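Notes for the one structure printed next.
Readers should treat all values here as calculations from the given coordinates under stated rules, not as data from a laboratory. Everything numeric here is computed off the predicted structure, so don't read it as measured data. Cβ placement follows ideal geometry from the backbone for every residue including glycine, while neighbour counts extend to all protein chains displayed.
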Amino acid sequence: MAGTPKDTIKTRQIAILAADGVDAAALKDMKAALTTAGAQCKLIAPHGGFIKDSKGSETLVDMSFLTAASVIFDAVYVPGGEKGLLNNADAIHFINECYRHCKAIATDETALLDETYAAAKFKKGGVAAAGIVTGKNKAKEFIQAIAQHRFWEREKNDKVPA
């Protein structure tokens, strides 16, 4: 993995974690940016079928947490408005595993990240840890993080169960 080209995200598998109430614009914009750059995106939700976004539109779920594992993805994105994931142990575990495996993680809001075991490691002195992208309209930074593939400096920090 250390020798993986660091200039593209083509063919990289990106998990998008979402639930009912997800921010419609954030989901659409990030997914468009990622697919335009060549990545493959899969929407992971607490259940199969469809989820309703913040505008009431339905979006097809590709996998539920019961059928998806973080190890098959190269990065994870959590759009804002995902309040349905705040108390979802599967979503928290998914993010913890991605963190422990040194993958890029992006979120529009930090609420879900604050619930994870690794929350203390996401921010150090107000600066995001390597490979963690937070805030709206951060597609460019997230794409750059995914291109790096892994953030090995996180591997040496405190161990997070995964």
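Quick rundown of the values:
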item	result
For the range 55-112, alpha-carbon Rg relative to the globular expectation (2.2 N^0.38 Å, N residues)	1.14
Nearest-20 debye value, the range 13-150 charge dipole, Cβ charges on Lys, Arg, Asp, Glu	440
With 10 Å bins from 0: P(r) over the range 13-150, alpha-carbon pairs, percent	13, 49, 34, 4, 0
Dipole of the range 13-150 [Lys/Arg +1, Asp/Glu -1 at C-beta], most positive-end residue of Gly81, Thr35, Ile92	Thr35
Unit Cα scatterers, Debye sum, the range 1-84: log10 I(q)/I(0) for q = 0.11, 0.12, 0.14, 0.24 Å⁻¹	-0.29, -0.35, -0.47, -1.17
Highest to lowest packing among 99-107, 53-61, 33-41, scored as the average C-beta count within 10 Å	99-107, 33-41, 53-61
Packing-based exposure ordering (other Cβ within 10 Å, fewest first) of Thr67, Thr134	Thr67, Thr134
Of all DSSP beta bridges in the range 6-71, antiparallel share, percent nearest 5	25
